[in-house]
Amino acid sequence: MEQPWEHPDWYDLHDTTWTAGPEREPEHYRELVLALPPLDRQDHVIDAGAGTGKLIALATRGYPRIGTVTLVEPNRAKLERARARVSEYLPHAEIIALERSLGEAQSLPQTQATVVTIGSVLMPIMELRGGSLANGLTWLRAALRELRAMLLPGGGFYDAETLAAPWARGRLDEPVRRLCMSELTTELAAAGFDSVECVYRFRDRVVIKARRPAE
Ligand SMILES: C[S@@+](CC[C@H](N)C(=O)[O-])C[C@H]1O[C@@H](n2cnc3c(N)ncnc32)[C@H](O)[C@@H]1O
């Protein structure tokens, strides 16, 4: 069958227009914050791959009474920036900064969070690590198991991702690529999350909500 981009009209419509660029990021992150449940003193939020804290800063501005925040980020300078930002918005909260990576068998929090957030980490890092799609999935599966294990039973997982373009191709033995929605939601279910739901989508930008089952 002819690929869609071989059609001249499809090509003219889609060329360089499909990807929701960086100008969409504020809306993307805001929609994740709007998907969160009410957060207060009893809540412990873990932001994984916190970077300089863009996402968690938005969440803590919205919920200034959050009791505990844990930041997980392998880059020390970014982690310190994120810690400083969150401290500014939550002067009374306990803030824990962990210089750690997902998917590398490092020591990470276990059964602690009421909410885990993750913003633009799983797909880009899977892709940046290189190797085959099979290698990428091995890392992603380990990371998802760790993220689920951070949550208390019944806790919520909120993930802002930028997915594969519709024309992305590649089998397991081919170079790693981002996943499409059905592939990612299948991975979340296989990692033991339930209630997996897309709560926002604009082209490649999505917010997925899921839950560690209540025991
Ligand atoms: C695109 S940035 C997103 C940062 C942040 N979540 C935000 O809201 O802007 C991806 C982040 O993932 C971090 N990172 C890289 N490898 C990681 C890993 N294995 N586990 C967790 N985070 C990782 C990078 O250092 C970077 O800060």
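Report the residue count in the stretch 125-145 for those that are within 9 Å of the ligand (Cβ to nearest atom) and touching a residue at least 40 places away in the same chain (Cβ under 8 Å).
Initial filter on the stretch 125-145 (within 9 Å of the ligand (Cβ to nearest atom)): 125, 128-129, 139, 143.
Now restrict to residues that are touching a residue at least 40 places away in the same chain (Cβ under 8 Å): 125, 129, 143.
Qualifying residue count, the stretch 125-145: 3.
Of the candidates A84, A77, the single residue that is more than 15 Å from the chain's Cα centre (by Cα), away from the ligand (no atom under 14 Å from the Cβ) and not charged (D, E, K, R) is A84. Of the residues making up the stretch 164-189, those that are part of a loop (DSSP other than H, G, I, E, B) and either touching a residue at least 40 places away in the same chain (Cβ under 8 Å) or hydroxyl-bearing (S, T, Y) (or both) number 11.
Considering only the stretch 199-212, I want to know if a residue exists there that is within 14 Å of the ligand (Cβ to nearest atom) and under 13 Å from the mean Cα position of the chain (by Cα). Yes; the residues of the stretch 199-212 include at least one that is within 14 Å of the ligand (Cβ to nearest atom) and under 13 Å from the mean Cα position of the chain (by Cα). Quick one: would you say R65 is of a type in the set (D, E, K, R) and touching a Lys or Arg at 6+ places or on another chain (Cβ under 6 Å)? Yes, satisfied.
Is one or more of the residues making up the stretch 20-36 away from the ligand (no atom under 13 Å from the Cβ) and farther than 20 Å from R201 by Cβ? No, every residue in the stretch 20-36 fails to be away from the ligand (no atom under 13 Å from the Cβ) and farther than 20 Å from R201 by Cβ. Remark: A57 falls outside the filter, which requires a residue to be touching a helix residue (DSSP H, G or I) at 6+ places or on another chain (Cβ under 6 Å), touching a residue at least 24 places away in the same chain (Cβ under 8 Å) and under 18 Å from L122 (Cα atoms).
Which members of the stretch 87-109 meet the condition of being of a type in the set (S, T, Y) and either away from the ligand (no atom under 11 Å from the Cβ) or in contact with a Leu (Cβ under 7 Å, 6 or more places away or on another chain) (or both)? Don't jump to the end; show me each part of the working.
Step one: of the stretch 87-109, the residues of a type in the set (S, T, Y) are 87, 89, 101, 107.
Residues satisfying the conditions are S87, Y89, S107.
A Cβ distance below 6 Å, combined with a sequence gap of six or more or placement on separate chains, defines the contacts here; from the stretch 98-111, residues that are closer than 14 Å to N75 by Cβ reach residues that are near the ligand (Cβ under 6 Å from one of its atoms) and part of a loop (DSSP other than H, G, I, E, B) in the pairs S101/P74.
Just so you know, all these numbers are worked out from the coordinates, no wet-lab data involved. The model shown is predicted, which means the values in this text are computed figures rather than measured ones. Positions of Cβ are backbone-derived with ideal geometry, glycine not excepted, and every protein chain shown enters the neighbour counts.
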